[in-house]
Amino acid sequence: MIWLALPALCAGVYYLLAIVAALRWDGDCYAPHPEAPLLPVSILKPVHGRDPRFYEAIRSHAVQDYPEFEILFGVGNADDGALDDIERLKREFPERRIEIVVAPTKAPNAKAGVLAELARHARYSVLVINDSDIVVEPGYLRAVVAPLAEERIGLVTCLYRAEAATWPSQAEALSIATEFAPSVLMARLVGQAEFALGSTLALRAAVLREIGGFEAIADYLADDYQLGCRISARGYRIVLAPVVVETDFGAETWLDSWRHQVRWSRTIRVSRPLGYYGYVITQATIWALVAFAAGQWWAGAAALALRVAAGVLVAAHVLKDRNVAPNFWAIPLRDLFGFAVWLGGAFGSTVWWRDRKLRLRPDGRLGSAADLDVRAASR
């Protein structure tokens, strides 16, 4: 029965390497030259409704200590619930160029459709894109823009942590800190750096035009992944900035959390199928239980210990997430839910995105209009 210890040992090696990647974080993230020019920036923020902590999020951009920038908000309709907060921001910061662009779109990926319109309105040659609920720290703009002074760098992205208000959302935040972030660090450790994260996409407008603009990825659900792949394919480097941003999952129910995570899983599956199915070997808690059942306690205990240690280290050292260490005991429990999500993501082609039920094609594109439930009756 000793062969049943092998998957647990493989998972343990994976998390051992994640620990190495976390310890190398300070040296691996990109540190631009202190005299790098700070180019004028257009911040593009697609908005759909009022997210938790929305005003805090957009205000954290307006207070950035940066020489010259504008903030462009894109909404799909003129009665969006976030508009009052954006108008409040304009009143609080009259010296900033803050504009609202109403951009109805028929693009399958409405976010990419709105971004295409925002890019046409942008005044400056450097674009910084992130989601509407992203809270950034002081110095964020300097950190993500400075690397773009080097022509060989095509895109800058960054990691993120999550705040949560309910048990389901706390479980999801735990997965971001202890499962997703380690996987990003591991991928970069072994040389897989062609992807970008929607938490931050900083790039030059000229590079965006090279790949056909946001219009070229408006049929895909994973717009951030497609953006990174296409920029990398043009020979540009994608680097991680030495800052971590924060999002808020709000008051999700278990059903919301399930739909949210299955959407991520199915999107990864159609984008990188080999990586998705290979990811099963990293399920340390599952393989530890298999090893325990086979009587291989040493292998199961080693895998579980390395799994928890890697999660706590990445959360504390890299993400500066103070919620993980006190709740380290919950990591294996969350892994069981995560394995169910992985199984759910391995099959099926429908995903929920806000209030829309969408169908994914095998190549990652969203289905035709006839395949989309624009407003599901069950919501």
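The values are calculated or read from the model by the stated rules, or taken from the named source; none is laboratory data. Because the structure is a prediction, the values reported are computed rather than measured. Positions of Cβ are generated from backbone atoms using ideal geometry, with glycine treated the same way; all protein chains shown enter the neighbour counts.
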Residue under evaluation Glu56, criteria (1) surrounded by fewer than 16 Cβ atoms within 10 Å (Cβ to Cβ); (2) at pLDDT 90 or above; (3) farther than 22 Å from Phe249 by Cα, criterion not met
(3)
Name the residues in region 183-214 that are part of a helix (DSSP H, G or I) and at pLDDT 95 or above, would you?
Ala205, Ala206, Val207, Leu208, Arg209, Glu210, Phe214
For Gly12, the lone unmet condition from (1) over 20 Å from the mean Cα position of the chain (by Cα); (2) at pLDDT 95 or above; (3) not charged (D, E, K, R); (4) not in a helix (DSSP H, G or I) is (4)
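Pick out the one residue from Leu319, Leu289, Leu358 that is over 19 Å from Ala173 (Cα atoms) and touching a strand residue (DSSP E or B) at 6+ places or on another chain (Cβ under 8 Å).
Numbers: Leu319 fails: over 19 Å from Ala173 (Cα atoms); Leu289 fails: touching a strand residue (DSSP E or B) at 6+ places or on another chain (Cβ under 8 Å).
Just one listed residue meets the conditions, Leu358.
Which of the residues that make up region 233-269 are of a type in the set (Lys, Arg) and surrounded by fewer than 22 Cβ atoms within 10 Å (Cβ to Cβ)?
Matches in region 233-269: Arg234, Arg237, Arg259, Arg263.
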For region 177-189, how many residues are free of Cβ contacts under 8 Å to residues at least 24 places away in the same chain and among the β-branched types (Val, Ile, Thr)?
0
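Anything in region 270-282 that is buried (at least 17 other Cβ atoms within 10 Å of the Cβ) and closer than 18 Å to Leu221 by Cα? List them, or say none.
Taking region 270-282 as the starting set, the residues that turn out to be buried (at least 17 other Cβ atoms within 10 Å of the Cβ) are 270-272, 276, 279, 282.
Scanning region 270-282 gives Val270, Ser271, Arg272, Tyr276.
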Hey, can you tell me all the residues within region 322-348 that are within 22 Å of Trp264 (Cα to Cα) and among the aromatic types (Phe, Trp, Tyr)?
Phe337, Phe339, Trp342, Phe347
May I ask you to verify whether Gly49 is in contact with a Lys or Arg (Cβ under 6 Å, 6 or more places away or on another chain), closer than 25 Å to Glu163 by Cα, in a loop (DSSP other than H, G, I, E, B) and modelled with pLDDT under 95?
no
Among the residues that make up region 252-271, is at least one of them in contact with a Leu (Cβ under 9 Å, 6 or more places away or on another chain) and of a type in the set (A, V, I, L, M, F, W, C)?
yes
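Can you confirm whether Val324 is surrounded by fewer than 22 Cβ atoms within 10 Å (Cβ to Cβ) and touching a residue at least 12 places away in the same chain (Cβ under 8 Å)? Give the derivation first.
Working: surrounded by fewer than 22 Cβ atoms within 10 Å (Cβ to Cβ): no; touching a residue at least 12 places away in the same chain (Cβ under 8 Å): yes.
The answer is no for Val324.
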Evaluation of Val243 against (1) assigned to a helix (DSSP H, G or I); (2) under 28 Å from Pro326 (Cβ atoms); (3) in contact with a helix residue (DSSP H, G or I) (Cβ under 8 Å, 6 or more places away or on another chain) (one fails), failing number
(1)
Which ones in region 46-57 are in contact with an Asp or Glu (Cβ under 8 Å, 6 or more places away or on another chain), in contact (Cβ under 8 Å) with a residue 40 or more places away in the chain and not hydrophobic (A, V, I, L, M, F, W, C)?
Pro46, His48, Gly49, Asp51, Pro52, Arg53
Residues (closer than 24 Å to Glu252 by Cα, touching a Lys or Arg at 6+ places or on another chain (Cβ under 9 Å) and at pLDDT below 95) located in region 150-169:
Glu163
